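Working notes, structure below.
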Amino acid sequence: MKSTKPAPRTPKSAGSLTKKSAPVLGQVVRVLKNPLNGTKPAGGPAPIALTLRAPAAKEVFVAGSFNGWKVGATPLRPAKGGEWQGELKLSPGRYEYLFVVDGTWLPDPAAREAAPNPFGGWNSVLSVN
């Protein structure tokens, strides 16, 4: 007679941790830290806060290599003082992007690095470690 063991049981979660939303610091793009131990989340995408000051804008998107350069895929939200805010979750790598403000493609004025694009302009560059 063959003995069968019951399948191991997975323990129930002790509860879920709540994530704080990404802080936005005036036109700064930065990798946020895990609030539990001061490091990026292990093995997962890092939250990246984006902000752009565009007080007269009616809509703002960010398009880049992370979303196939699709304009409507990543909208930013209006915030106080004419700022627009958004958050990306990106794995380590190098990404090029532009803001699209009311249909006009613009580089990020706070980007630390830029790369030429095939249209004669410059893309903003974001490196995630």
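The values are calculated or read from the model by the stated rules, or taken from the named source; none is laboratory data. Just so it is clear, the structure is predicted and the values come from calculations on it, not from any experiment. Just so you know, the surface numbers come from the protein's heavy atoms only, side chains and all, with ligands and any DNA or RNA stripped out. Shrake-Rupley method; radii C 1.70, N 1.55, O 1.52, S 1.80 Å.
The table below gives the values:
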| quantity | calculated |
| --- | --- |
| Extension gain (nm, one decimal) between residue 115 and residue 79, 0.36 nm per residue minus Cα-Cα | 10.1 nm |
| Ratio Rg/Rh [Cα only; Rh per Kirkwood] for region 51-129 | 0.94 |
| Extension gain (nm, one decimal) between residue 69 and residue 122, 0.36 nm per residue minus Cα-Cα | 17.7 nm |
| Per residue, in Å², the accessible surface of region 60-108 once ligands and nucleic acids are set aside, probe 1.4 Å | 51 Å² |
| Accessible surface of residue 69 - all protein chains present, 1.4 Å probe, nearest 10 Å² | 90 Å² |
| Viscosity 0.890 mPa s, temperature 25 °C, Stokes-Einstein D of region 85-129 from Kirkwood C-alpha radius, µm²/s | 215 µm²/s |
